[in-house]
Structures are given as C-alpha cells and as structure tokens.
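Below is one structure. I have some questions about it.
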Amino acid sequence: MIKKILFIFCLSIAFFSFSQSNVPNWTLEDCHEQTYNLHELLAEGKSVVVEIGAEWCYPCKIKAPYFQDLYELYGENQEDVIFLGILTQKNDQSPADCETVSNWDEELGLSYPTCAKSIGDNQTTISLLYNTYQITGIPTFFLFVPDPENPGEGIVAYNEETDQTEAFSFIDGIKDGLTEYGYQEGGVKLDIDSFSKENLFSIFPNPSNNILNIKSNVNQEIESLKIISIRGNVVKEIKENTSSIIISDLTNGMYFIEAEIDGKIMRKKFIKN
C-alpha cells in the first residue's frame, strides 16, 4: 500500500514538472546564423516544437520526414508555430556541425531549421534540455507553448519522454497539444482569449454526434454562437439566444464553439463523433 502511494505521489510530481510554467529559457542558433530564444518567442505568442536527433540514429532518420510534414502543415515557421531540429552528433559520435546538417537535410529532404551541437552556445542548451527533461533516448520531441497566465513564460504541452505509447505517437501528441492551446493548421493562433478562467458557458454532451446543448453560466443570455474548425473556418453561426445547436451535419473531428455573452467571448473544444 505504501509503495502504491509513493508511486502515485511520484507520478503526480512528474506530471506537474512537465506541465508547469516557468520552463527554463534557452537559445539555439541554426546554420544560417538565425537565433531562437524560447522566452522571446513565447512572449510573441508563438509555440515552439523541438526535435532532438543525431546523424548515427536510424530512428531519427525515419521520423525526421514526419517532422518535416508537421513543419509544412503548420506554416513553415511563417506564422505562430516554430519548428526547430537539433542534431547532436555525427556518425562517429563527434559533435554535429553545419556540414553534418547540410548532408542530413539533403539526404532526407528536410527544410526546417536544424541547429548543430557545435554551433554557438547550442551545446549548453542541449545539456539544459537533457538535464531538465531527463532525456533517455533519441529522437525525442517537445512542444513549448505560452503560459496563458504568465506571458513570456512557458508550458511543456508535449514531451515524448512521457509518451512512449507508440513509435509515432509524437505526431498526434504535437497536433493535439497545438490544438489544445489554440494553434490551428497553417500555424496561426486563434485570435481570442480561448483560455479565460471565467466559465461563461457549458456544453454537453461532449463528445456529441447530433445535438450540442449550450447553457449560460452567468445571468446573461448567449448573444451569438460560432462553430469553428481546427483550421479556423467558421462552419456554423447563430446570432440569437439558443440552448442547442445541431451538429449532425458536421464531419467527425474536433471543433471549437465560441459564445458571446455580455460582450465577452469564450471558446471551448468539443468533439463531433
């Protein structure tokens, strides 16, 4: 019984450590002399997705093209989602340099920025990442997003070190993490405060396959409703007070429902199944 309690306690601490704010700051430099400072990017409202690998690592070569697909899906670093690769070692296990990165990119058809261990102060950042997140193997992937309560600080929204369910679970893990914090395909962050602590309304059932019920939790009527796809497209809009909305005609998947109440806007996720 004591062992079980200790296990649950340790598990709780591990979960907290990877979802807490105040993640350590770091800076990376790519082979085009472009620098990326985590806290500066987070302060701009951007999320940062990091891949760590090595030239000698066969699984890294298998997974890197899928990371490239995500990079293209979320706007190729032109919007609010930034993808960064880190290459730690060459085939002989010496520190990777820009020639290593160039050969790596050419062999695998990659275009997202990759930071070599031997460039600038990258080795310090790599050591910080390994020590902070107890990295035990590569490739591994992280998603950092802004802390809604502390702009400029961050939350680890995905950490593959704690998600060993399947070899390619990092794809859905990163996509789900981005969706949860309001980043849509194309790389744009939804431009409203989707994470207000004020619980203006409730929805049920969730998931739903036919009718989604909406209830105002304040002494005000719902003024309008929008259903928005994860790509940011408005697929339904009602400009009057209502207590339910038909969703049977929607394609199965994840959506946001946005309600305006007393001039305030709040958004919640729901699943159509």
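Just so it is clear, none of the values below were taken in a lab; they were calculated from the coordinates. Since this is a predicted model, take the numbers as computed values, not measurements. Here the Cβ is made from the backbone with ideal geometry for all residues, glycine too, and neighbour counts use every protein chain on show.
Can you compute 3J(HN,Hα) from phi for each residue in the stretch 265-270, using the Karplus curve 6.51 cos²θ - 1.76 cosθ + 1.60 with θ = phi - 60°, rounded to whole Hz and x for Gly and Pro?
Taking θ as phi minus 60°, the curve returns 10, 9, 10, 10, 8, 8 Hz for the stretch 265-270.
Further, regarding this structure: From the square roots a ≥ b ≥ c of the eigenvalues of the alpha-carbon gyration tensor of the stretch 201-272, which class results: rounded (a/c under 1.5), prolate (a/b over b/c), or oblate? Mind dumping the intermediate values first?
Values: a/c = 1.86, a/b = 1.49, b/c = 1.25.
Verdict is prolate for the stretch 201-272.
With springs only between Cα atoms under 10 Å apart, run a GNM on the chain and tell me which of Leu87, Leu200, Leu178 wobbles the most.
Looking only at Leu87, Leu200, Leu178, the biggest GNM fluctuation is shown by Leu200.
Only one of the listed values, [x] 18.8; [y] 19.8; [z] 20.4, was derived from the coordinates as Kirkwood radius over Cα pairs in Å; which label is it?
Recomputing Kirkwood radius over Cα pairs in Å here gives the entry labelled [z].
Please give the helix 58-73 orientation as an angle from the longest Cα principal axis of the chain, in degrees from 0 to 90, rounded to the nearest 10.
It works out to around 40 degrees.
How tilted is helix 2-19 with respect to the longest principal axis of the chain? Cα atoms for both, answer in degrees (0 to 90, nearest 10).
With rounding to tens, the tilt is 90 degrees.
Let me ask something additional. Give the long-range amide H neighbours of Cys115: residues separated by 5 or more places, or on another chain, with amide H under 5 Å away, using H modelled in the peptide plane at 1.01 Å from N.
Gly85, Ile86, Leu87
Next question. In degrees, nearest 10, range 0 to 90: what is the angle between the Cα axis of helix 98-108 and the longest Cα principal axis of the chain?
For 98-108 against the chain, the angle is about 60 degrees.
On to the next question. How large is ³J(HN,Hα) for each residue in the stretch 112-120, as worked out from phi by the Karplus curve 6.51 cos²θ - 1.76 cosθ + 1.60 (θ = phi - 60°), to whole Hz, x for Gly and Pro?
Result, rounded to whole Hz: 6, x, 10, 9, 7, 4, 7, 8, x.
Now for a separate question. In the P(r) worked out for the stretch 23-180, what percent of Cα pairs fall beyond 27 Å?
On the way: 1762 of 12403 pairs.
Tail of P(r) above 27 Å: 14 percent of Cα pairs.
Tell me the net charge near Gln134. Cut-off is 13 Å between Cβ atoms, Gln134 excluded, with +1 for each Lys or Arg and -1 for each Asp or Glu. Provide the component values of the computation, followed by the final result.
On the way: positive: none; negative: Glu160, Glu161.
Net charge in that neighbourhood comes out at -2.
Above 16 Å lies some portion of the pair distances; for the stretch 50-121, what is it as a whole percent of all C-alpha pairs?
On the way: 1084 of 2556 pairs.
So the pairs more than 16 Å apart make up 42 percent of the total in the stretch 50-121.
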